[in-house]
1. How many residues does the stretch 133-165 contain that are more than 28 Å from the chain's Cα centre (by Cα) and of a type in the set (S, T, N, Q)?
2. Looking only at the stretch 230-256, which residues are aliphatic (A, V, I, L, M) and either in the same structural domain as Phe199 (by TED's automatic domain parsing) or under 19 Å from His418 (Cβ atoms) (or both)?
3. Among the listed residues Gly551, Gly526, Gly481, which satisfies the condition of being surrounded by 12 or more Cβ atoms within 10 Å (Cβ to Cβ), among the small types (Gly, Ala, Ser) and out of contact with any Ser or Thr (no Cβ under 7 Å at 6 or more places or on another chain)?
4. Suppose we keep only residues that are of a type in the set (S, T, N, Q) and in contact with a Phe, Trp or Tyr (Cβ under 7 Å, 6 or more places away or on another chain) within the stretch 164-216. Which one would you say is nearest to Leu103 (Cα to Cα)?
5. Only residues that are under 21 Å from the mean Cα position of the chain (by Cα) and of a type in the set (Asp, Glu): list them for the stretch 77-120, please.
6. Being surrounded by 24 or more Cβ atoms within 10 Å (Cβ to Cβ), more than 29 Å from Leu240 (Cα to Cα) and in the same structural domain as Leu205 (by TED's automatic domain parsing) is true for just one of Ala153, Ala92. Which residue is that?
7. For the stretch 69-118, give me each residue that is over 22 Å from Ile286 (Cα atoms) and in a loop (DSSP other than H, G, I, E, B).
8. Among the residues of the stretch 262-285, which ones are at negative phi and either in contact with an Asp or Glu (Cβ under 6 Å, 6 or more places away or on another chain) or outside any helix (DSSP H, G or I) (or both)?
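The values are calculated or read from the model by the stated rules, or taken from the named source; none is laboratory data. What you see is a predicted model; the values in this text were computed from it and never measured. As a convention, Cβ positions derive from the backbone with ideal geometry for all residues, glycine included, and neighbour counts pool all protein chains shown.
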Amino acid sequence: MSHIWQQPKPVDNKIIEKYPELHPTVAQLLYNRGIDTQEKIDEFLMPDYSQDIHDPFLFKDMTKACERIYQAIDKKELITVYGDYDADGVSAAVILKTGLENLGAKVEAYLPHREKEGYGLNKKAVEKLASNKTKLIITCDCGISNTEEVDLANEKGLDVIITDHHTVPDNLPKAMAIIHPQVYDSYPFKFLAGGAVAFKLVQGLIKHKSSALSDKDKESHEKWLLDLVAISLVADMVPLIGENRTLLKYGLIVLKKTQRIGLQKLMEVANLSADKVDTRSIGFSIAPRINAAGRMDHANLAFYLLTEPDADKAQELAVELNQSNIDRQKVTEKIVRQADAQEVSDKESLLFFYQSDWAAGLTGLVASRLVRKHARPCIVMTDSESGDVVGSGRSIPAFNIVESLQANADLLLRFGGHPQACGFSISKDNKDKFISNMQKRANEQLHGVEFLTKLEIEIVINFKDISWEIVDLLDKFKPFGQGNAEPLFMSTDLLVTAARKVGNDAKHWKLELVKDNKKRDAIAFGLGNVDLEIGDKIDVVYNLSINQWNGNREIQLIIKDIKKDA
């Protein structure tokens with residue numbers, strides 16, 4: 001696929017004049033991220049847990065929520081944590097259950113079945129919880145769109161506290177407390193993941209005057225939850241800036257020495273070295289395995305693993321979860337091939353894919369793959385066990401997909417999500433009208449948009465200026481992730497002096513590139529289809545990395561796209 005190379009806007013001279021101590025590369029990268037004050041610079045380059053984590057009581061309803069929970073603890077009322085089936089939701093549920101148990105609460109957890117119950121609170125679950133003597137439901141990573149279900153809980157005499165971070169509807173549920181960074185204007189950081197919101201509630205409970213914990217235990221109970229906060233932040237792809245960046249930095253420290261036997265065993269079966277775990281490890285190894293539980297059967301498998309204290313049992317669960325992930329990969333590939341075989345029109349700005357027997361739990365993954373291929377919003381649908389149609393959508397920044405669902409709410413049975421990711425269910429009778437309405441809306445909103453993937457270049461650099469100093473400066477910007485992508489560099493007019501294809505089916509190029517007597521090795525993953533030969537002049541967009549072998553360390557280019565000189 002061709003890419004649009006989006007050139008960076010040069011850093012404002014006023015920034016350079018104001019902060020002369022900053023290396024020009026650091027100044028440019030900070031400018032690209034909108035970091036332009038001393039406070040923001042300090043928070044980004046030197047995240048400090050004591051300084052950059054906001055007071056949980058800035059949430060308007062935090063005091064109310066804490067008082068109700070302590071009332072439940074005092075009366076020994078049963079609290080049920082109601083979670084979600086993805087890695088963010090499972091992590092959030094474990095964070096809340098662990099935190100509440102540390103405070104002496106009588107607490108159980110309930111995770112819905114993805115295909116049988118769907119996302120969020122459902123009425124049958126509320127009925128079930130009411131019958132098992134639950135007195136307080138605390139949702140995590142869900143609940144903000146469940147107006148009717150909260151009403152039912154209220155009718156049944158159950159109080160509901162919502163912790164969530166998804167798109168806020170016009171009409172809020174009548175919960176007794178809502179902990180959500182975008183509800184009300186009181187909380188300064190708006191982009192927490194579900195696990196991080198759950199953590200803020202536990203943090204509030206620990207800091208509340210009713211807490212009987214010693215100061216030492218308060219700090220210990222709080223910080224040992226950060227391993228799961230880190231997983232939730234990366235898994236849910238929230239912007240890793242502001243408070244999220246600080247939580248992630250310290251969360252990675254905790255994750256590397258996690259006390260959770262289940263996480264230790266999960267990293268072992270994933271062949272991860274705990275001391276080297278980073279955002280990539282979470283995104284490509286840990287989170288997919290946690291997600292596989294809910295996608296292939298029930299999220300309880302992942303929940304049990306993360307809360308299992310016995311090493312032998314944890315090992316069994318980790319192996320089972322790993323197998324679920326292997327199975328998930330195979331089924332996903334099959335569905336992607338079947339979706340690729342379906343006819344879609346390039347005239348449509350929003351593409352729909354449907355097959356009645358696809359696994360509902362994999363529609364989101366498939367939609368993500370299809371968006372990367374078609375560079376436009378995609379919705380993948382299948383039939384549910386109830387006979388309705390369920391679907392997941394993934395979008396591009398130019399199209400708010402959940403806003404479009406809200407505009408068609410009268411056709412939907414339930415829905416939720418974010419501007420670029422959604423889930424929904426709909427009766428078969430409304431499917432065709434829904435597709436027509438959504439495509440019409442997308443065609444109007446995306447008129448004139450060029451459907452090509454953008455590579456946002458951060459630094460245009462002379463080849464001879466690539467240095468160890470630049471590579472070392474990039475360490476200041478880790479951990480990389482959503483909203484803080486690993487910087488892309490661009491260099492032009494490079495001479496190819498060595499080229500050979502490597503990997504399965506010769507999918508990759510191993511190159512040697514030269515300009516102004518400066519030579520660098522490069523690897524171009526997935527670009528084996530580009531026609532190259534020795535003597536070609538090329539422009540490249542790339543990440544800088546370190547290649548270590550036989551005790552040697554060399555700077556290597558990880559090429560993302562190549563353009564040959566005409």
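1. Matching residues across the stretch 133-165 total 2.
2. Taking the stretch 230-256 as the starting set, the residues that turn out to be aliphatic (A, V, I, L, M) are 230-231, 233-235, 237-238, 240-241, 247-248, 252-255.
Ile231, Leu233, Val234, Ala235, Met237, Val238, Leu240, Ile241, Leu247, Leu248, listed by residue number.
3. Values: Gly551 fails: surrounded by 12 or more Cβ atoms within 10 Å (Cβ to Cβ); Gly481 fails: out of contact with any Ser or Thr (no Cβ under 7 Å at 6 or more places or on another chain).
Answer to the check: Gly526.
4. Applying the first criterion (of a type in the set (S, T, N, Q)) to the stretch 164-216 yields 167, 171, 182, 186, 203, 210-211, 214.
This time we only want the ones that are in contact with a Phe, Trp or Tyr (Cβ under 7 Å, 6 or more places away or on another chain), so: 186, 210.
Values: Ser186: 26, Ser210: 10 Å.
Filtering first and then ranking leaves Ser210.
5. Asp84, Asp86, Asp88
6. Numbers: Ala92 fails: more than 29 Å from Leu240 (Cα to Cα).
None of the other options fit; the residue is Ala153.
7. Within the stretch 69-118, Lys75, Lys76, Glu77, Leu103, Gly104, Ala105, Glu115, Lys116, Glu117, Gly118 meet the criteria.
8. We begin by selecting, within the stretch 262-285, every residue at negative phi; these are 262-270, 272-285.
Within the stretch 262-285, Gly262, Ala270, Leu272, Ser273, Val277, Asp278 meet the criteria.
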